[in-house]
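The values are calculated or read from the model by the stated rules, or taken from the named source; none is laboratory data. Everything quoted here is computed from the prediction, not taken from an experiment. Neighbour counts run over all protein chains shown; Cβ positions are idealised from the backbone, glycine included.
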Amino acid sequence: MRRDAVDLGDPLLEPARFHADPVADACIAQVLGPLPDGAFTAATSGVRQKQIGWVNQQFARWNTNAALAGWLPDANAPEAAVKAMRDYVAKASVLPDWTDHAKVLRAQEIFTDYSLLSCTLLFCASLPECYVIPDLAAVLHAAGQLEQHTEHRIRATAAMIFPVMMKGGLDTPEGSGVAQIIKVRLIHATIRNMVLRGQDPDLVGHHEARRAVAPIPPMQLATPASNLYEALMAMGWDVDAEGLPCNQEELAYTLLTFGYVFLRGMRTLGLRLPDEDERAYLHGWNVVGHVLGIRRELMADDMETAAALFARMQARGRARPVLPDSRPELAGALINTMRSSLDLHGILRNFPLLLTRHLCTRRSVRDLGLNKRCSIFSVLLFSAILGIVRGIDTVVRIFSPKFAITRFITRLVGYPLVTKLLLDQTRPLLLPERLLEPVQDMSKGWRFDPQAPRWLNVLERRMVHGKATPAAAAPL
């Protein structure tokens, strides 16, 4: 596909590059105000940190969906900032009128039912595909040097997914999904404000106005950036070439990595869900997308539409290479984090890489630099295991439709990833305190697979814990 055809031939996606989130952007603009002296300097960092600290204090009180309705910000801020935060919460915390609560509940049940497999697909499919878009990878690279803080970013992602996918997380007062999402939405707006150095994204992104806006040049700091926001403000940005940071197309693409890519991974593993369940899962994530500020026309309601939209977005992203290309570094850091968590050695060390290569498209594997040679023995072993497992599953399902050794193996991979990266009690997830215990309780049910025969659960406990402890007593 030629670059000009990709850039100019998509009336849906091309304008989306220059649209962001007026609701969240207006709030952050009021809270942060203009840059001191109208320009970015090293001294600006301390001022911005204090302002952002006040916003974070407000975040800490957004514990439940019900808490949002009666929430009032601290009074120790300018009246304009207080009003902006109140207006934002009132507008952002409303579910769309097209919400189908039965489908939302089914989406949450699917996530819980597939538990450890859901997390395995997050690590080996959703996150890698998220890195494929060069512009998006560039922001992720700058936003805290992701390849140096991979675990932190993974845990931050899980801190949004778990509240959303817990039963009642989106549409009950005691849930916390909406509260978590609107925090993330404000973080995106803060990133845009930092990268654009206080310029209005709505104005800068306007087709007529953006031609007159000069690229924001990178700034050489006297000392290395001491925090995330200093790094973002110093990085420089060319809106005309790269679109707005965290723009609508990038947000919609990221949404597809959580919904569509998960379902595609299930199909790849031979665990395809019924069509109505796939539509319900996509719908649940579309509701999340609405609360996150994504436009409805950028969402997909079925797998066919999602696949086509995902392919269009990836093709457009590849047509705009960003140099230096940070994608291989991001993907490599993710693979190394999984290797470390799984504590694999020898020929098994390449298992996370090979599983990721199996779940992602061949083009994505090349983009991410994951097509490097592996030990031939590792490749042969992985291929043999995959072939044998798929063959056994195909035959046994004639008599037992829910049987799946594939599910069993991915649970073995998912267990150490979840326990070491997400549910380590010495490093709790970035969640409100009231949610930590429910998340732990939910995860306790994951150590027993209700769809597997008893003997397979016993084998799983032996391999994970070293002995066949009763399900109720097996440690997480």
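One residue stands out among those in segment 51-79 that are of a type in the set (S, T, N, Q) and assigned to a loop (DSSP other than H, G, I, E, B): the one that is nearest to Asn286 (Cα to Cα), which is Thr64.
Residues in segment 268-282 that are modelled with pLDDT of 95 or more and either among the charged types (D, E, K, R) or surrounded by 24 or more Cβ atoms within 10 Å (Cβ to Cβ) (or both): Asp275, Glu276, Asp277, Glu278, Arg279, Tyr281, Leu282. All told, Leu323 falls short of being within 29 Å of Trp237 (Cα to Cα), surrounded by 21 or more Cβ atoms within 10 Å (Cβ to Cβ) and out of contact with any Lys or Arg (no Cβ under 8 Å at 6 or more places or on another chain). Among residues of segment 280-329 being in contact (Cβ under 8 Å) with a residue 60 or more places away in the chain, assigned to a helix (DSSP H, G or I) and over 18 Å from the mean Cα position of the chain (by Cα), the one that is farthest from Glu14 (Cα to Cα) is Ala280. Looking across segment 330-362 at every residue that is more than 19 Å from the chain's Cα centre (by Cα), polar (S, T, N, Q) and farther than 17 Å from Leu380 by Cβ, the one that is surrounded by the fewest Cβ atoms within 10 Å (Cβ to Cβ) is identified as Ser340. When we screen Lys83, Lys103, Lys50 for residues that are of a type outside the set (Val, Ile, Thr) and in contact with a His (Cβ under 6 Å, 6 or more places away or on another chain), the only hit is Lys103. The residues of segment 223-272 that are within 30 Å of Arg397 (Cβ to Cβ) and β-branched (Val, Ile, Thr), listed by number, are Thr257, Val261, Thr268.
Where helices (runs of 4 or more DSSP H) fall wholly inside segment 80-178, the ranges with 3 or more residues that are at pLDDT 85 or above and crowded, with 18+ Cβ neighbours inside 10 Å are 101-121, 127-130, 150-165. Taking the condition outside any helix (DSSP H, G or I) and within 30 Å of Leu116 (Cβ to Cβ), does Gly265 pass? It is false that Gly265 is outside any helix (DSSP H, G or I) and within 30 Å of Leu116 (Cβ to Cβ). Output the qualifying pairs, or none if there are none: Cβ atoms under 8 angstrom, residues six or more apart or on different chains, first residue in segment 240-252 and in the same structural domain as Ala16 (by TED's automatic domain parsing) and closer than 15 Å to Asn193 by Cα, second residue of a type in the set (D, E, K, R) and outside any loop (DSSP other than H, G, I, E, B). Sorted first by the residue in segment 240-252, then by its partner, the pairs are Gly243/Asp135; Gly243/Glu249; Gly243/Glu250; Leu244/Arg192; Pro245/Arg192; Cys246/Arg192. The numbered conditions (1) free of Cβ contacts under 8 Å to residues at least 12 places away in the same chain; (2) surrounded by 23 or more Cβ atoms within 10 Å (Cβ to Cβ); (3) among the hydrophobic types (A, V, I, L, M, F, W, C) are all true for Ala214 except (2). Among the residues making up segment 30-50, a single one is modelled with pLDDT under 75, under 21 Å from Ala80 (Cα atoms) and in a loop (DSSP other than H, G, I, E, B): Leu35. Here Leu334, Leu354 are screened, and the one residue that is farther than 17 Å from Cys130 by Cα and in a helix (DSSP H, G or I) is Leu354.
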